[in-house]
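Participant: Structure in structure tokens, see below.
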Amino acid sequence: MAERIEQRLEDRIPELEQLERVGLFTHKEIRAVLRKASALEYKIQRRALRKEDFINYIQYEVNLLELIKKRRARIGYSFKKDEIEHSILHRVHSLFNRATGKWKDDVQLWLSHVAFCKQWNAKHQLSKVFSTMLAIHSNKPALWIMAAKWEMETRLSSESARHLFLRALRFHPECPKLYQEYFRMELMHAEKQRKEKKEFEQAKMDLGEFNYSEEILNGEMARIVYRDASQKIKGVEFQLAVLSIAKLFDFTQDLQKEILESLQARYADDPLTWDYMARRELELGSLQPTEHTTKQKKVSEMAQREERCCAVFDEAVGAVPTEDMWKCYITFCLERYNRKTNSEELKQKRLERTLSVFSKAHESNLLSEAFYKQWLQLLLDSSLSEKAVEVAEAATSHFSQSVETWQMRLQVLMQLKRDDVTQCFEEAIKHVKSKGTLPLWTLWVEWSEGMNSKEDTEALYQRSLHATTPAESVTMKERYLDWTYRNSGYKKVKRLFTSLCENRPFSLDFFRKMIQIEKEQESCKMLHLREYYERALREFGSTNTDLWLDYIKEELSHPQGKPENCGSIHWRAMKMLQGDLVEDFVSKYTLLQTGHL
């Protein structure tokens, strides 16, 4: 192994001598490079190879190339590249080849090699990398697309790109993305040939030796790809994706027409088809020139286009009366309403249209829960409070089991300071199952804290503890404790804490809150703190190291504390803590003893 490494280091000497001779590196730097290279070589020649060692070696060589590039720019020296850079590049490619040969399944390693080849313009080498990578990872369409794009855009070889796409489609005959990119490539090829032909004609050159087929120039190859794809791939999304690609090229009117006709014939009942057809009306602008059009005329024209869109949507919801169809219609209306405009008239029209569509969808019983929330927000923003109350009530009658919908209605009533908030809360609790009602109880007690008497709020807290599930009651206990301390003081909260401790479950924050309250008292008693810590440790002592450490710190720092108790607390912690937590506790306890915690 040593002989092989020595040989590889000797192979570096000519390039290093050149670096020193031309003044890019000093003698000291050359020796440092040799030492580092020697260490890296030994790592990649071991019997048990590690991927990280190859990556580190490659990164070192790439950094070296970048440094040489910067030094060349600084001193203005651009010769001897064959003797210096090409030697390093060859070595990096060799390292990548060894690494990808050993760890064939690591796609990121292959992509790193691809990126390196692109960065240093190693086209011949990159072609080999793609070929080997695709032979191993033929099951990944994205890699086929990457290779074909490189052939098309960098090597300008439409034939090679087409060959790659055809090979990819043998492995993935029903991959929409592959067909889309193949379709795009054929159109790019047609556009490229059209430009070439136009330039030749402008230069009045003889086109005898160049054969430009009219069919290819008009995108016939792309049409063949589309027809083949549409037989294998079902779904309106693919048709729309292909249509959006075709629209990027100005010579594809006939092709667009064919795709559109196919879309309408095969997917007439799909909401996305209608959505596209309606939105298309926005693009079909006025045939008159718009250079000298006044602002008022532009606003009028935009309003007409939107009206045409809505006419198509109205037809759509009649032909396809589904929730998804109404969703498309409402989404369009909201998009137009949220667009900025200086015309108050246009903004008002958009608002009225949007509210009307919401109302129609509601009447059809095809409005989703999420859209009720947006409708309510729009009504409140428009100061239509009475209508908002009606809509909120309608939403809860449609989705009576939904906590979010009841929350929404309650927030509307609270925002408008209505008298029937309590009645609505009672109705909500009655309809919604006990599991998951925590947000409603939280909202109710928050509202009660600001609006009702202490007695009513306390009664509500007591009721919430019994009405929620045990897991949810934990949160209510924390809130109850905090509210009682804020409103009734220390003595009351201490009695409440003792009362709440009679019924499990508890949270750690529940005990920590009580500990914090005790610490805030002028006459903070260690006896009480011990009680709270002991209660907390009974519940969480086996799973929480910080609780034990805080207890020990309290004994050490409190004026009434007993440092002699720390030993027994430590012993109990070692007995109670589970698994790796013992080691974690020992480490933290050591830091505490040395004053680092």
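The values are calculated or read from the model by the stated rules, or taken from the named source; none is laboratory data. Predicted model, so just to flag it, every value in this text is computed and none were measured. Glycine gets a Cβ as well: all are built from the backbone with ideal geometry, and neighbour counts include every protein chain shown. Quick note on the areas: whole protein, heavy atoms, side chains included, nothing else; ligands and nucleic acids left out. Shrake-Rupley method; radii C 1.70, N 1.55, O 1.52, S 1.80 Å.
Participant: Of the listed peptides 519-531, 250-262, what is their order by residue-averaged count of other C-beta atoms within 10 Å, with the highest listed first? Intermediate values should be presented prior to the final figure.
Facilitator: Working: 519-531: 12.9, 250-262: 15.3.
In descending order of packing, they fall as 250-262, 519-531.
Participant: Using only helices, what value at 222 nm comes out for the chain when you add -39,500 (n - 2.57) per DSSP H run of length 4 or more and divide by the total residues, to the nearest 500 deg cm²/dmol? The partial results should precede the final answer.
Facilitator: On the way: 30 runs with 451 residues, N = 597.
So the helix-based figure for the chain works out to -24500 deg cm²/dmol.
Participant: How big is the convex hull of the Cα atoms of segment 38-166, per residue, in Å³?
Facilitator: Values: hull volume 15.1 nm³, N = 129.
Expressed per residue, the convex hull around the Cα atoms of segment 38-166 is 117 Å³.
Participant: Let me ask something additional. Tell me, what is a quarter of the convex hull surface for the C-alpha atoms of the chain, in nm² with one decimal? Write down the numbers at each step before the final one.
Facilitator: Numbers: hull surface 185.3 nm².
With the hull built on Cα positions only, its mean projection is 46.3 nm².
Participant: When the chain is fully extended, how far beyond the present Cα-Cα distance does Arg31 get from Lys433, taking 0.36 nm per residue of separation? Before the final figure, lay out the partial values.
Facilitator: Numbers: separation 402, 0.36 × 402 = 144.72 nm, distance 7.65 nm.
Gain in length upon complete extension: 137.1 nm.
Participant: Let me ask something additional. Return the subset of Lys195/Lys247; Lys340/Lys360; Lys454/Lys491; Lys104/Lys177 for which the Cα-Cα distance in this structure is over 27 Å, preserving the input order. Please report the intermediate quantities before stating the final value.
Facilitator: On the way: Lys195/Lys247 18 Å; Lys340/Lys360 25 Å; Lys454/Lys491 16 Å; Lys104/Lys177 25 Å.
Long pairs (Cα-Cα over 27 Å): none in the table.
Participant: A further question on this structure: Say the cut-off is 27 Å between C-alpha atoms; which of Lys43/Lys140; Lys430/Lys492; Lys298/Lys373; Lys118/Lys140; Lys28/Lys51; Lys435/Lys494 go over it?
Facilitator: Exceeds cut-off: Lys43/Lys140; Lys430/Lys492; Lys298/Lys373; Lys28/Lys51; Lys435/Lys494.
Participant: So, in nm, how far is label Lys387 from label Asn121 when the simple model puts each one 7 Å beyond its Cα toward the Cβ?
Facilitator: According to this spin-label approximation, the distance is 6.5 nm.
Participant: Taking every Cα atom in segment 82-229, find the radius of gyration and the maximum pairwise distance Dmax, and write them in Å.
Facilitator: 18.4, 57
Participant: Could you please state how large a percent of the accessible area of segment 1-103 is carbon and sulfur, counting protein chains only and using a 1.4 Å probe?
Facilitator: Using a 1.4 Å probe with all protein chains present, segment 1-103 comes out at 51 percent carbon and sulfur.
Participant: Oh, and also: Please report, in cubic angstrom per residue, the volume enclosed by the convex hull of the alpha-carbon atoms of segment 532-596.
Facilitator: On the way: hull volume 4.8 nm³, N = 65.
Here the figure is 74 Å³ per residue.
Participant: Ok, one more. Please work out whether segment 230-359 counts as rounded, prolate or oblate from its C-alpha gyration tensor, where a ≥ b ≥ c are the square roots of the eigenvalues and a/c under 1.5 means rounded, while otherwise a/b larger than b/c means prolate and anything else oblate? Walk me through the numbers before you get to the answer.
Facilitator: Working: a/c = 2.67, a/b = 1.31, b/c = 2.04.
Since a/c reaches 1.5 but b/c is at least a/b, the shape of segment 230-359 is classed as oblate.
Participant: Near Lys519, which aspartates and glutamates are there with a Cα under 19 Å away, not counting those fewer than 8 places off in the same chain?
Facilitator: List returned: Glu478, Asp482, Asp509, Glu531, Glu534, Asp546, Asp550, Glu554, Glu555.
Participant: Now for a different question. Under a point spin-label approximation (7 Å from Cα along Cα-to-Cβ), what is the Lys340-Ser160 distance to one decimal in nm?
Facilitator: 4.7
Participant: Where only protein heavy atoms count, and the probe is 1.4 Å, what is the accessible area per residue for the chain in Å²?
Facilitator: Numbers: 33050 Å² over 597 residues.
For the chain, the solvent-accessible area averages 55 Å² per residue.
Participant: Quick one: compute the contact order of segment 532-596, relative version, from alpha carbon pairs under 8 angstrom and 6+ residues apart, as a percent.
Facilitator: Numbers: 45 pairs, mean separation 22.8, N = 65.
Answer for segment 532-596 is 35 percent.
Participant: Further question on the same structure: Want the number for Lys257 to Arg227: 0.36 nm per residue separation, take away the alpha-carbon distance, what's left?
Facilitator: On the way: separation 30, 0.36 × 30 = 10.80 nm, distance 1.33 nm.
Length gained, Lys257 through Arg227: 9.5 nm.
Participant: Related question: Determine the relative contact order of segment 1-103: mean sequence separation of Cα pairs under 8 Å and six or more apart, normalised by residue count, in whole percent.
Facilitator: Details: 47 pairs, mean separation 34.4, N = 103.
Relative contact order here is 33 percent.
Participant: Something else now. Pairs to check: Lys295/Lys349; Lys36/Lys70; Lys349/Lys417. Give those whose C-alpha atoms are more than 22 Å from each other in this structure. Can you show the working numbers first?
Facilitator: Working: Lys295/Lys349 17 Å; Lys36/Lys70 20 Å; Lys349/Lys417 30 Å.
From Lys295/Lys349; Lys36/Lys70; Lys349/Lys417, over 22 Å: Lys349/Lys417.
Participant: Share of segment 532-596's accessible area from carbon and sulfur, percent, 1.4 Å? Walk me through the numbers on the way to the answer.
Facilitator: Details: 1840 of 3600 Å².
The computed percentage sits at 51.
Participant: Taking N as the number of residues in segment 1-103, what value does Rg over Cα atoms divided by 2.2 N^0.38 Å take? Could you put the intermediate results ahead of the total?
Facilitator: Working: Rg = 14.0 Å, N = 103, 2.2 N^0.38 = 12.8 Å.
The reported ratio for this selection is 1.10.
Participant: Which aspartates and glutamates, on any chain, are close to Lys297 with Cα under 18 Å apart, when same-chain ones fewer than 8 places away are left out?
Facilitator: Glu281, Glu283, Glu306, Glu307, Glu344, Glu345
Participant: Once both labels are modelled 7 Å past Cα along the beta-carbon direction, what's the Glu301-Glu6 spacing in nm?
Facilitator: 8.3
Participant: Report in % the part of the accessible area of segment 227-318 that belongs to carbon and sulfur, leaving out ligands and nucleic acids; probe 1.4 Å.
Facilitator: Summing carbon and sulfur atoms, their accessible area is 51 percent of the total for segment 227-318.
Participant: While we're on this one: Quick one: net charge around Gln45, please, counting Lys, Arg +1 and Asp, Glu -1 for every other residue with C-beta under 10 Å from its C-beta. Walk me through the intermediate numbers first.
Facilitator: Working: positive: Arg4, Arg8, Lys43, Arg46, Arg47; negative: Glu41, Asp53.
Neighbourhood net charge equals +3.
Participant: Give the accessible area for Glu29 in Å² (nearest 10); use a 1.4 Å probe, count only protein heavy atoms, and leave out ligands, DNA and RNA.
Facilitator: Rounded to the nearest 10, the figure is 60 Å².
Participant: Just report the Cα centroid separation between segment 43-97 and segment 380-436, whole Å.
Facilitator: Segment 43-97 and segment 380-436 have Cα centres spaced 67 Å from each other.
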